[in-house]
Amino acid sequence: MKTTFDRKDGGLVLAHILFAFGALLIGGIAGLLQGLVKGGTITLPANIGYYEVLTAHGVLMALIFTTFFIIGFLYSGLSHTLGGSLLPLVRKLGWAGFIVMSLGTIIGVVVILLGKASVLYTFYAPMKASPFFYIALALVVIGSWLAGFGVFYQYRYWKKNNHGKLSPLFAFMGVMTMILWQIATLGVALEVVVQLIPWSFGWVDTVNVMLSRTLFWFFGHPLVYFWLLPAYICWYVVIPKVIGGKIFSDALARMSFVLFLMFSIPVGVHHQLMEPGISHFWKFFQVTLTFMVVIPSLMTAFSMFATFEMNGRAKGAKGMFGWLKVLPWGDVRFFAPFMGMLFFIPAGAGGLINASNQMNAVVHNTLWVTGHFHITVGTAVVLTFFGIAYWLIPVITGRTLTKRLNKLGMIQTVLWCVGMFLMSSGMHIVGLLGSPRRTAYSTYNDHPDAILWMPYHVAMAIGGTILFISVLLMVYNVISLLRTPKGETEYPIGEVSEQAHPTPRFLENWKLWIVITVILILLAYTMPILELFDSSVIGSKGFVTW
């Protein structure tokens with residue numbers, strides 16, 4: 001396998017990665033302002049609204065940073081594992097997708113900063129933004145589809161020319177990630193194009209609020225796994241190579257991704273447990289499917305710690321936890337993703353609470369949910385992406401990760417962990433005390449309960465400030481990685497352990513898994529959506545409250 005990286009592919013990958021970190025920087029500024037306002041530390045100028053800042057933060061961090069980084073990462077892995085370079089058509093699709101997504105991002109950010117779209121990243125109706133905000137979202141989705149078509153074409157071409165061979169694990173996981181994305185985004189595309197754009201232009205008077213929210217969450221929950229699956233690719237495929245070990249089981253890794261595809265899409269209604277319009281049976285059905293997603297998550301945890309222990313034993317580690325001592329704790333390529341794994345343990349436990357009907361009633365629409373969100377995508381995913389950046393940028397630019405930048409990366413990772421611990425802990429605790437999310441600073445006329453919240457809001461502001469310092473250091477490190485000494489950096493793809501059982505061929509039966517997924521989606525969503533077309537459902541006019 002090649003150790004050098006195709007220069008043309010590198011330009012495409014680097015464009016996505018750098019755009020992602022540009023979005024991270026601007027989104028981080030918005031997040032810092034938001035946190036300081038929420039903690040009562042500052043007051044925004046009169047021409048800047050809190051919800052404007054909150055919308056910019058959510059859109060840039062949760063949608064733009066993640067999507068651009070993921071596509072860049074997947075293209076890099078496909079280039080490396082499926083032939084050594086991308087096909088010309090795939091490269092064209094990648095650039096077309098990048099241009100369309102970039103155009104959508106720029107339009108969306110401009111509309112938000114003009115104060116025409118302070119609807120947060122969930123853009124719930126009947127809050128109505130400028131139609132150009134919804135058009136911008138549509139462009140981002142369409143651009144991502146073009147990138148996805150490139151992923152599928154590269155994989156199909158490799159399979160055609162390697163008939164009967166098992167595809168590389170990275171490629172298999174990358175395709176699975178994009179299949180999940182292409183299916184999930186159908187819901188938000190229908191919401192935006194069929195409902196919100198005509199409504200925002202005034203071509204129709206009202207919008208079916210419950211239908212729009214259901215279509216959003218058809219997309220909104222699998223979006224979490226679109227973030228997580230590339231992080232899992234790093235954990236399964238890259239980390240074993242970084243630590244000098246081997247992949248515990250190729251078959252287990254593939255099966256976990258199959259289960260993520262099947263059970264992460266037909267579960268969005270668990271975000272709507274407190275809303276009317278959807279019958280209790282269908283809420284129960286989707287909650288049941290939600291708990292099925294726990295299985296591949298536990299499989300991933302088992303596989304990773306088995307990999308760590310197997311690596312330790314091979315290096316002579318003794319005792320129950322002796323393998324911990326031989327892990328490369330001073331290597332940011334390992335340390336950042338590993339800290340993401342640790343944060344994901346409480347994040348996953350919090351997800352079980354959010355998906356449980358009775359417990360969700362306690363935390364719904366409180367800052368608990370925001371805290372859960374931040375240690376899921378904001379820590380498990382983002383720290384893993386940071387760890388990837390420290391080796392991926394040198395790989396595609398033909399440079400090296402210096403000791404100095406590795407040390408700065410370790411400092412940046414620790415800052416992120418400390419900041420996120422303070423912020424997310426404050427969010428979880430004050431959420432249990434009843435503090436609402438999606439709200440600016442308020443003492444509610446000095447109500448005793450609200451006064452008790454303030455120390456936690458201050459802790460959140462302190463944590464957010466530390467996180468912003470970490471963002472600045474990360475951006476500095478990314479720029480520095482473009483200037484490090486020339487050299488050859490290996491793309492770290494792990495090998496499967498000789499002791500692992502052979503991978504069954506049926507795991508690459510794409511038609512089987514897609515058909516099962518579609519059947520589950522139809523079972524979970526057909527009746528709930530049809531019920532929302534009932535003539536008794538009243539449409540809503542749009543509201544602009546900012």
Of those in the range 473-490 that are surrounded by fewer than 20 Cβ atoms within 10 Å (Cβ to Cβ), assigned to a helix (DSSP H, G or I) and touching a residue at least 60 places away in the same chain (Cβ under 8 Å), the residue farthest from the chain's Cα centre (by Cα) is SER480
* To do: Output yes when any residue across the range 134-157 is among the charged types (D, E, K, R), at pLDDT 95 or above and either surrounded by fewer than 19 Cβ atoms within 10 Å (Cβ to Cβ) or outside any loop (DSSP other than H, G, I, E, B) (or both), and no when none is.
  => yes
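State all residues of the range 356-369 that are assigned to a helix (DSSP H, G or I) and surrounded by fewer than 24 Cβ atoms within 10 Å (Cβ to Cβ); if no residue qualifies, say none.
Of all residues in the range 356-369, those assigned to a helix (DSSP H, G or I) come to 357-363, 367-369.
Those that are assigned to a helix (DSSP H, G or I) and surrounded by fewer than 24 Cβ atoms within 10 Å (Cβ to Cβ): ASN357, GLN358, MET359, ASN360, ALA361, VAL362, VAL363, VAL369.
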ask   = Does TRP181 satisfy the criteria of being out of contact with any Leu (no Cβ under 7 Å at 6 or more places or on another chain), more than 27 Å from TYR491 (Cα to Cα) and free of Cβ contacts under 8 Å to residues at least 60 places away in the same chain?
value = no
Cβ pairs under 9 Å, 6+ apart or interchain, first in the range 193-204 and part of a loop (DSSP other than H, G, I, E, B) and modelled with pLDDT of 95 or more, second of a type outside the set (S, T, N, Q) and exposed (fewer than 13 other Cβ atoms within 10 Å of the Cβ), ordered by first then second residue, are none
Those residues of the range 94-137 which are within 15 Å of HIS57 (Cα to Cα), touching a His at 6+ places or on another chain (Cβ under 9 Å) and small (Gly, Ala, Ser) amount to none
Test for LEU44: is it out of contact with any strand residue (DSSP E or B) (no Cβ under 8 Å at 6 or more places or on another chain) and either touching a residue at least 40 places away in the same chain (Cβ under 8 Å) or in a helix (DSSP H, G or I) (or both): no
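Any residue at all in the range 380-403 that is surrounded by fewer than 18 Cβ atoms within 10 Å (Cβ to Cβ) and out of contact with any strand residue (DSSP E or B) (no Cβ under 9 Å at 6 or more places or on another chain)? Working first, answer last.
Applying the first criterion (surrounded by fewer than 18 Cβ atoms within 10 Å (Cβ to Cβ)) to the range 380-403 yields 398, 400, 402-403.
So of that shortlist, the ones also out of contact with any strand residue (DSSP E or B) (no Cβ under 9 Å at 6 or more places or on another chain) come out as 402-403.
Looking through the range 380-403, at least one residue is surrounded by fewer than 18 Cβ atoms within 10 Å (Cβ to Cβ) and out of contact with any strand residue (DSSP E or B) (no Cβ under 9 Å at 6 or more places or on another chain).
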Out of (1) touching a Pro at 6+ places or on another chain (Cβ under 8 Å); (2) surrounded by 21 or more Cβ atoms within 10 Å (Cβ to Cβ), the one ILE183 does not meet is (2)
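The values are calculated or read from the model by the stated rules, or taken from the named source; none is laboratory data. As the structure is a prediction and not an experimental result, all values here were calculated from the model. Quick reminder, even Gly has a Cβ in these numbers, built from the backbone with ideal geometry, and neighbours come from all protein chains shown.
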